[in-house]
Ligand SMILES: Cc1cc2nc3c(=O)[nH]c(=O)nc-3n(C[C@H](O)[C@H](O)[C@H](O)COP(=O)(O)OP(=O)(O)OC[C@H]3O[C@@H](n4cnc5c(N)ncnc54)[C@H](O)[C@@H]3O)c2cc1C
């Protein structure tokens with residue numbers, strides 16, 4: 001039996017890290033004697049309290065088993081069918097809100113969210129992606145890119161108006177940053193907002209690759225957070241292109257607003273086929289004054305802050321995909337025989353399986369360690385959010401590739417899951433920042449620390 005969301009939600013929010021052994025205070029003090037250090041370090045490492053990095057408290061364990069059960073009974077049976085039909089399972093998505101209360105994992109309970117920590121958000125994304133990464137991608141775009149972003153950057157009136165419908169699943173939302181001509185170079189966006197006579201704003205431009213951009217082939221999703229350049233408003237333009245491109249603002253746009261339309265549903269994607277992706281068009285789209293989120297020209301900070309948590313949960317999706325691929329390999333290699341032996345007795349198969357398990361566990365450990373220390377209330381965690389996404393997404397495609405190899409011809413077919421996982425995993429090397437963008441960001445962030453005594457950590 002599935003447990004309704006609310007009970008677990010409140011307990012997890014309240015206890016948070018209560019069960020994790022605390023670092024002794026003396027470890028934070030300056031240079032205590034060596035014998036005292038030895039004593040406290042021994043006491044810390046021999047603590048009787050069991051501790052799991054991946055599922056650190058009883059509440060996290062309850063959450064993991066609740067989502068795992070939902071995945072087994074509800075998500076897994078539909079994954080292949082919706083992938084083949086290139087359809088998003090909207091009814092199942094709504095149940096994540098109405099039955100499990102998981103559509104706002106890190107949103108305060110006062111606003112109807114679950115009040116969880118980032119570790120819990122990773123658990124949900126990992127578990128959903130074990131079965132259906134495309135379904136999880138749509139969940140991520142709604143819960144993290146729309147709801148979480150609005151919760152952190154919107155005012156009370158905006159949260160009270162939009163969050164109840166979004167958290168129940170009545171409305172589906174997304175976030176519009178990328179454009180046909182601007183992805184990695186996000187500040188090259190051309191969507192513009194100008195003031196409308198009589199109040200409010202007019203938005204013009206196109207957004208590309210928007211997850212949840214449509215519900216069906218020809219129907220828009222319900223509500224979006226849209227980034228637009230506002231340099232021409234209130235004489236803010238300086239004439240300096242580098243400065244003017246930073247004058248970005250964030251707006252809430254509902255599907256009913258005049259001038260807003262669905263350009264096209266993007267079909268025939270390599271993977272993530274059960275997640276809707278769309279091009280959206282804004283032609284003098286009328287946006288009311290009260291839908292400006294945060295300060296005018298102040299959209300850059302929300303954008304960067306949201307990218308950090310997005311990258312962490314995208315990495316969690318990669319970990320879930322890899323767990324499934326390792327699972328598929330270990331089962332298949334034990335059953336399949338060649339030359340009179342199970343194929344797991346061959347050294348080359350052992351290398352695929354063993355390296356995959358080791359790579360998966362290394363990424364999983366880095367992920368949960370980052371999630372544990374992540375402070376979602378502030379920006380500044382870019383180096384690790386980029387680094388975990390860089391390593392985990394590459395790991396997932398490599399592990400899925402090995403899984404296809406281990407399963408041979410069967411691995412190349414839909415019914416055996418791993419080819420779908422490979423196709424879905426590939427997107428994670430592109431969306432939310434390409435591998436190359438992470439290379440650039442990490443190197444820049446490390447470069448900034450040159451001259452100080454220590455590397456990060
Ligand atoms: C299925 C799907 C869902 C998506 N969902 C969303 C969404 O919900 N919202 C949203 O806003 N966006 C979304 N995106 C867009 C995604 O974030 C972008 O595709 C991604 O940021 C890359 O941008 P691009 O496709 O324009 O590629 P480009 O930026 O044009 O990059 C092309 C290549 O050039 C490389 N490159 C670019 N600049 C540099 C550089 N300085 N140094 C080295 N190499 C460089 C890139 O790494 C890449 O390999 C989605 C994309 C897909 C495919």
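Just so it is clear, none of the values below were taken in a lab; they were calculated from the coordinates. Because the structure is predicted, anything quoted here is derived from the model rather than measured. Note: ideal-geometry Cβ built from the backbone for every residue, glycine included; neighbour counts use all protein chains shown.
Worth a mention:
- Rounded to the nearest 10 degrees, the angle from helix 156-168 to the longest Cα principal axis of the chain is 50 degrees.
- For the stretch 173-298: rounded, prolate or oblate by the Cα gyration tensor [a/c cutoff 1.5]: oblate
- All-pairs Cα distance distribution in the chain, expressed in whole percent, bin size 20 Å: 24, 54, 20, 2, 0
- Peptides 331-339, 84-92, 100-108, 317-325 ranked from most to least packed by the mean count of surrounding Cβ atoms within 10 Å: 317-325, 100-108, 84-92, 331-339.
- The order of the peptides 263-274, 383-394 by mean Cβ neighbours within 10 Å, most packed first, is 383-394, 263-274.
- Chain lengthening between residue 448 and residue 234 when straightened (0.36 nm per residue, less Cα-Cα): 73.6 nm
- DSSP-defined beta bridges in the stretch 117-258 - what % are antiparallel, rounded to 5: 75 percent
- Residue-averaged 222 nm ellipticity for the chain, from DSSP H runs of 4+ at -39500 (n - 2.57), nearest 500: -15500 deg cm²/dmol
- In nm, spacing of pseudo-spin labels at residue 187 and residue 204 (7 Å Cα→C-beta vector): 2.4 nm
- The long axis of helix 118-131 is offset from the longest Cα principal axis of the chain by roughly 80 degrees.
- Cα gyration tensor shape of the stretch 233-317, rounded if a/c is under 1.5, else prolate or oblate by comparing a/b with b/c: oblate
- With both residues required to sit in the stretch 174-228, DSSP beta bridges show an antiparallel share near 70%.
- As a rough guide to protection, the peptides 131-140, 176-185 ranked by mean Cβ packing within 10 Å, highest first, stand as 131-140, 176-185.
- Cα-based shape type of the stretch 269-316, given that a ≥ b ≥ c are square roots of the gyration tensor eigenvalues and the cut on a/c is 1.5: oblate
- The chain: angle of helix 418-427 to the longest principal axis, Cα-based, in degrees nearest 10: 40 degrees
- Distance between the stretch 148-218 and the stretch 88-105 - C-alpha centres, whole angstrom: 20 Å
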